[in-house]
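Enquirer: First, the structure itself, so that you have it in front of you.
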Amino acid sequence: MKWKCIFPTHSEITRFGEKPHFQGGLYKLEHDIYAWMVPNGSWGESNAGLIVGKGESLLIDTLWDINYTQVMLQAMRSFTQGNPLKYVVNTHADGDHFWGNELVAHVEVITSKSSLLEMMHTKPNSMLLLNKIGKLFSAIKVFNNDKVGHWFQGMTAPYDFKSVTHTPATRTFEGELTISVGGRGVQLIEIGPAHTAGDLMVYIPDAKALFSGDILFVESTPIIWAGPLENWLKALDKIMELDVKIIIPGHGPITDKSGVEAVKKYWEFVDKQVRQRFQKGMSASKAARDIVLNNEFMEQPFATWNSPERMMINVHTLYRHIQGRKQRIKGIELLNILRKQALLAYELPYAQPTSMRMI
Ligand SMILES: [Zn+2]
């Protein structure tokens with residue numbers, strides 16, 4: 001990345017023990033925009049940002065737990081001391097973008113109305129439960145349950161969810177909202193439901209910068225929890241229309257419009273492959289496996305992105321939409337799909353993070 005990292009996190013490895021593909025820490029971009037970047041953009045390795053205006057600032061997203069959020073806020077302190085936080089914006093309702101909110105609870109926290117509804121049900125208990133189930137599975141040495149258990153535990157291992165006090169946003173909007181941050185106009189643009197029910201992006205016209213939330217994953221496989229996919233593709237088109245030079249994705253390195261094109265290619269490919277297999281009467285789980293183990297997929301640039309096994313959840317969500325079922329996958333059904341996703345990861349020897357698999 002050509003941008004300057006002014007507060008690097010001094011770690012030789014990522015949270016999952018991988019070699020970092022980019023330097024983690026606080027980056028100074030143009031026009032008093034800062035980005036908190038977390039390599040390599042895998043589970044919970046989410047980015048965040050800071051917009052500094054005259055005498056006040058706006059934080060975009062908190063992180064998956066208190067420790068990581070604390071480290072980030074500390075790195076931002078030299079800018080927030082003279083320009084205290086006036087707003088926090090949560091780009092959506094996934095825990096890795098709002099579970100650190102209790103550390104900024106003294107500030108107005110804004111999100112879309114749909115995200116707030118989803119936040120009410122997105123509690124740290126869900127990840128503690130996944131970790132517990134992982135432990136139980138690990139003890140069962142037959143039918144690959146131990147492998148699944150290792151994968152579940154691996155996802156949650158870098159994080160301390162016990163210390164999180166669930167703190168949803170305090171102000172909502174629908175559609176678009178422009179706010180002033182020390183005299184700078186900042187636009188919040190709702191584009192969900194796509195990745196989740198209420199995704200929004202933060203656009204700073206005077207800096208030609210955009211924080212896309214999880215509408216963009218760079219060098220990391222996107223996940224569609226909500227959909228429909230058409231909305232996601234519309235959101236990507238919307239970014240292409242904006243006057244932007246710098247894009248900070250929800251996961252992965254800083255990008256520009258080329259990052260948008262890459263995600264678009266991924267979804268167009270997946271959409272086509274899914275429809276073909278749906279028409280043949282193939283089950284969603286079979287289709288997901290068939291797609292990622294196919295040469296046509298292997299030859300694509302996105303085959304080497306982090307967590308290719310996310311194809312499993314993606315295909316299941318797309319199947320539901322084709323069938324006209326709009327409700328998000330949850331509960332036991334979600335757990336079962338994650339179990340299949342874990343097993344699929346074991347079939348992809350190049351899939352990162354490798355530490356989530358028993359080698
Ligand atoms: Zn995320």
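Quick note: the coordinates plus some simple rules give every number you see, no bench work behind them. Since this is a predicted model, take the numbers as computed values, not measurements. Please note: Cβ atoms are built from the backbone with ideal geometry, for glycine as well, and neighbour counts cover all protein chains shown.
Enquirer: How far apart, in nm, are two points set 7 Å out from the Cα along the Cα-to-Cβ line at Lys2 and at Gln23?
Expert: 1.6 nm
Enquirer: Of all DSSP beta bridges located in the chain, what percent are antiparallel, nearest 5?
Expert: 65 percent
Enquirer: Can you work out the FRET efficiency for the pair Gln300 and Glu30, with r the C-beta to C-beta distance and R0 = 35 Å, to the nearest 0.05?
Expert: 0.60
Enquirer: Among the listed pairs Lys264/Lys326; Lys19/Lys123; Lys28/Lys265; Lys238/Lys265, give every one whose C-alpha distance is greater than 25 Å.
Expert: Distance filter (> 25 Å) returns Lys19/Lys123; Lys28/Lys265.
Enquirer: With +1 on each Lys and Arg Cβ and -1 on each Asp and Glu Cβ, how big is the dipole of the chain about its Cα centre, in debye rounded to the nearest 20?
Expert: For this selection, approximately 880 debye.
Enquirer: In whole Hz, with x marking every Gly and Pro, tabulate ³J(HN,Hα) for segment 184-193 from phi via Karplus 6.51 cos²θ - 1.76 cosθ + 1.60, θ = phi - 60°.
Expert: Result, ordered by residue: 9, x, 10, 9, 9, 10, 7, 10, x, x Hz.
Enquirer: Say the cut-off is 32 Å between C-alpha atoms; which of Lys135/Lys286; Lys147/Lys234; Lys54/Lys113 go over it?
Expert: Table pairs above 32 Å Cα-Cα are Lys147/Lys234.
Enquirer: Further question on the same structure: May I ask for the distance between the Cα centers of segment 319-359 and segment 36-106, given as a whole number of Å?
Expert: The distance from the Cα centre of segment 319-359 to that of segment 36-106 comes to 29 Å.
Enquirer: Can you list the GluC sites (Glu not before Pro) in segment 135-195 that are in a DSSP coil and have 14 or fewer other beta carbons within 10 angstrom?
Expert: In loop regions of segment 135-195 (DSSP not H, G, I, E or B), the sparsely surrounded GluC sites (Glu not before Pro) are Glu174.
Enquirer: How far is it, in nm, from the label point at Lys141 to the one at Lys54 when both lie 7 Å from their Cα along the line to the Cβ?
Expert: Calculated label separation equals 7.0 nm.
Enquirer: How much FRET efficiency would the formula 1/(1 + (r/R0)^6) give for Lys286 and Lys234, where r is the Cβ-Cβ distance and R0 is 30 Å, rounded to 0.05?
Expert: It comes out at approximately 0.55.
Enquirer: Let me ask something additional. Return one number: the angle in degrees, 0 to 90 and rounded to the nearest 10, between the long axis of the Cα atoms of helix 311-322 and the longest principal axis of the Cα atoms of the chain.
Expert: The two axes meet at around 90 degrees.
Enquirer: To continue, here is another question. What's the local net charge at Phe79, with K and R +1, D and E -1, over the other residues with C-beta under 10 Å away?
Expert: It works out to a net charge of +1.
Enquirer: Net charge near Lys54: determine it from the other residues with C-beta under 14 Å of the C-beta of Lys54, scoring Lys and Arg +1 and Asp and Glu -1.
Expert: Overall, the nearby charge balance is -1.
Enquirer: By how many degrees, between 0 and 90 and to the nearest 10, does the Cα long axis of helix 331-346 differ from the longest principal axis of the chain?
Expert: 80 degrees
Enquirer: Summing -39500 (n - 2.57) over the DSSP H runs of n ≥ 4 in the chain and dividing by its residue number, what mean residue ellipticity at 222 nm do you reach, to the nearest 500 deg cm²/dmol?
Expert: -11000 deg cm²/dmol
Enquirer: Can you work out the Karplus-derived ³J(HN,Hα) for every residue in segment 248-255? Use 6.51 cos²θ - 1.76 cosθ + 1.60 with θ = phi - 60°, whole Hz, and x for glycine or proline.
Expert: Couplings: 9, x, x, 9, x, x, 4, 9 Hz.
Enquirer: For the chain, find the longest principal axis of its Cα atoms and tell me its angle to the long axis of helix 66-80, 0 to 90°, nearest 10.
Expert: 30 degrees
Enquirer: Quote the FRET efficiency, to the nearest 0.05, computed for Lys330 versus Ser180 with a Förster distance R0 of 56 Å and r equal to the Cβ-Cβ distance.
Expert: Computed FRET efficiency for Lys330 and Ser180 comes out at 0.90.
Enquirer: Another question about this same structure. Give, as a single signed number, the net charge of other residues whose beta carbon lies under 15 Å from the beta carbon of Arg328, with Lys and Arg counted +1 and Asp and Glu -1.
Expert: Here the charged neighbours net out to -1.
Enquirer: Right, here's the next one. Between Glu261 and Arg77, how many nm apart are label points set 7 Å from Cα along the C-beta direction?
Expert: 4.3 nm
Enquirer: Tell me, Trp232, Trp99 in order of fewest to most beta-carbon neighbours within 10 Å?
Expert: Trp232, Trp99
Enquirer: A further question follows. Give me the extension gain from Lys245 to Thr165: residue separation times 0.36 nm, minus the current Cα-Cα distance, reported in nm with one decimal.
Expert: 25.2 nm
Enquirer: Also, I was wondering about something else. So who's got an amide H within less than 5 Å of the one on Gln352, skipping anything under 5 residues away but keeping other chains? H placed 1.01 Å off N, in plane.
Expert: Result for Gln352 returns Ser307.
Enquirer: Taking H placed 1.01 Å from N in the peptide plane, check which residues at least 5 places from Leu85 or on another chain put their amide H under 5 Å from its amide H.
Expert: For Leu85, the qualifying residues are Ser57.
Enquirer: What does a probe at Leu128 reach in segment 150-183, counting residues whose amide N is under 16 Å from the point 7 Å along Cα→Cβ?
Expert: Once the point is set 7 Å along Cα→Cβ of Leu128, 156-157, 159-167 turn out to lie under 16 Å by backbone N, inside segment 150-183.
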